[in-house]
Structures are given as C-alpha cells and as structure tokens.
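Okay, structure first, notes after.
The values are calculated or read from the model by the stated rules, or taken from the named source; none is laboratory data. Given the structure is predicted, the values throughout are model-derived calculations rather than measurements. As a convention, Cβ positions derive from the backbone with ideal geometry for all residues, glycine included, and neighbour counts pool all protein chains shown. What goes into the accessible areas is simple: the full protein's heavy atoms, side chains included, and nothing from ligands, DNA or RNA. Shrake-Rupley method; radii C 1.70, N 1.55, O 1.52, S 1.80 Å.
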Amino acid sequence: MRRSDFDCKDLGIIAEFLNKIEFGTLVIADSIPYAIPLSFCYEDSKIYLHGAKAGRKHALLKENPKVSFSCAKPYAYIPSSFLNHTMIPTQFFFSVFLEGQFFVVEDLEEKRHILTRLVQKYEPDNTQMDMQRGQFVGKERGTFVAKILISHLSAKAKFGQNLKKEDFEQILQDLENRNGKMDTETIKMMRSFSLKYQ
C-alpha cells in the first residue's frame, strides 16, 4: 500500500469490518476483467459466496480460478467547507482488497454451514436460523455455493491519520458541528485509528 499511515494490519479489525460491509466485488480474469458485485461473508481466512448455478463466471472460473475481491465501507465525506474553507475534499472509509483461489463447494454439510453464516450476517437477530427447518430444508442441494481461500489480504483505513494535529482536531469539530448520519461514527473511527493524537 502506497500510504503506510492508512494501512490496517489488525486481522481482528479486518474480520469485523468484512462482516459489516454488505456488498463486495468479485473480479475474474478475462480479456477484460469481469467484475461481479455480490453479498458475502467472511470466516477463517475465507470469503463465502452463493449465487446462480450457470453464467459467464462459471465458464471463466473453470479456466482460471484465481480471483481478486474488494469491498469498502464509506464513512464521512469531508468537503471543501471544512478547515475554515481550506479543505481539499476527500472521503473517509475502510476498504479491503484480497486475492485467492475460488472453489465450488459440493459437500452438503459445508454448504449448509456457509448458507447459515450468510443468513446470520444479514439477519443478526435471527437466532433460530436452521438449514434443516422450515423454508430452508433441502435448499442447499439446488444452491450454488463457493468460497475464496485467501492468499493475500490488505486493508486501508483512511480516517485523517496523515493530517497535522490541529487540522485533525478541526475536522473532528467540523464533523461534530455538521452532525450528519455517519459523522458520529466517523469521529469514533478517527479517534480509534489515529493513536498518535491520543
């Protein structure tokens, strides 16, 4: 990563974000790389996916199962009006990029586990989720399920770590004054990732 001050190496934090970010993009090799946005979940250095059983991606992955995957969670947009109208506009965010090998999952027990984890990610309050009950019974048989075994992973947490202390503090104040939808959460992230100002 070009900017080391934005580099996040804490695997616990990365795992937490991967299971908060709702959508990612799978990139498959082709004459023009083929990018597919999709839902996913993360567990034990693997990305879990599901989808249709046929289509372009299947043919491409048979030729070359090496893939890349990226996802991002945007936080606050920092406008030109911040820093007393001297700010160069930017976006604060957390993003993950990874590379790995794509595998189709055929084992029914593993498919049930993966589908359960996917539902649990998007329905965290659904404590009764059971692939062997109700509308889920037998659905793993007809569902395409896959995993990416990760070989390389990097994460970028951009929350003002490169700013001078006085500019950092002013942006905190600007965010507090604006009080937008993500501003309080952004302030927490800025304080969490910018330990040099603690």
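Summary of computed values
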read-out: Net charge of neighbours whose Cβ lies under 14 Å from the Cβ of M87, counting Lys and Arg as +1 and Asp and Glu as -1; value: -2
read-out: Inter-part distance where the range 155-189 and the range 19-64 are each reduced to a Cα centre, Å; value: 33 Å
read-out: For the chain, accessible area per residue (1.4 Å probe, heavy atoms of protein chains only), Å²; value: 57 Å²
read-out: 0 to 90° range, to nearest 10: angle between helix 183-193 axis and the chain longest Cα axis; value: 90 degrees
read-out: Candidates F17, F93, F82, ranked by Gaussian network fluctuation over the chain, Cα under 10 Å, top entry; value: F82
read-out: Helix 165-178 vs. the chain, principal-axis angle (Cα, 0 to 90°, nearest 10); value: 70 degrees
read-out: Kirkwood Rh (inverse of mean 1/r, distinct Cα pairs), the range 59-99, angstrom; value: 13.1 Å
read-out: Inter-label distance for Q91 and I150, nm, one decimal - labels placed 7 Å from Cα along Cα-to-Cβ; value: 2.1 nm
read-out: Solvent-accessible area of R178 with every protein chain in place, 1.4 Å probe, in Å² to the nearest 10; value: 100 Å²
read-out: Simple Cβ-charge dipole of the chain, Lys/Arg +1 and Asp/Glu -1, about Cα centre, in debye nearest 20; value: 360 debye
read-out: Size of electric dipole in the range 58-129: Cβ of Lys, Arg +1 and of Asp, Glu -1, about Cα centre, debye, nearest 20; value: 220 debye
read-out: Loop trypsin sites (Lys or Arg not before Pro), the range 10-102, which have at most 13 other Cβ atoms in a 10 Å radius of their Cβ (DSSP); value: K20, K53
read-out: Degrees, to the nearest 10: 108-122 long Cα axis against longest axis of the chain; value: 30 degrees
read-out: Stokes-Einstein D in µm²/s, Kirkwood radius over Cα pairs - the chain at 4 °C with 1.567 mPa s viscosity; value: 68 µm²/s
read-out: Percent carbon-and-sulfur accessible area, the chain, ignoring ligands, DNA and RNA, probe 1.4 Å; value: 50 percent
read-out: Choice from P33, P65, P79 with maximal GNM fluctuation in the chain (Cα, 10 Å cutoff); value: P33
read-out: Residue list for the range 165-182, given a label point 7 angstrom along the Cα-to-Cβ vector of S81 and an amide N cut-off under 16 Å; value: 171-182
read-out: Accessible area of T116 in the full protein assembly, 1.4 Å probe (Å², nearest 10); value: 30 Å²
read-out: Distance in nm between pseudo-label sites at I36 and A52 (7 Å out along the Cβ direction from Cα); value: 0.9 nm
read-out: Within-12-Å neighbourhood charge of G100 [Cβ basis; K, R +1; D, E -1]; value: +2
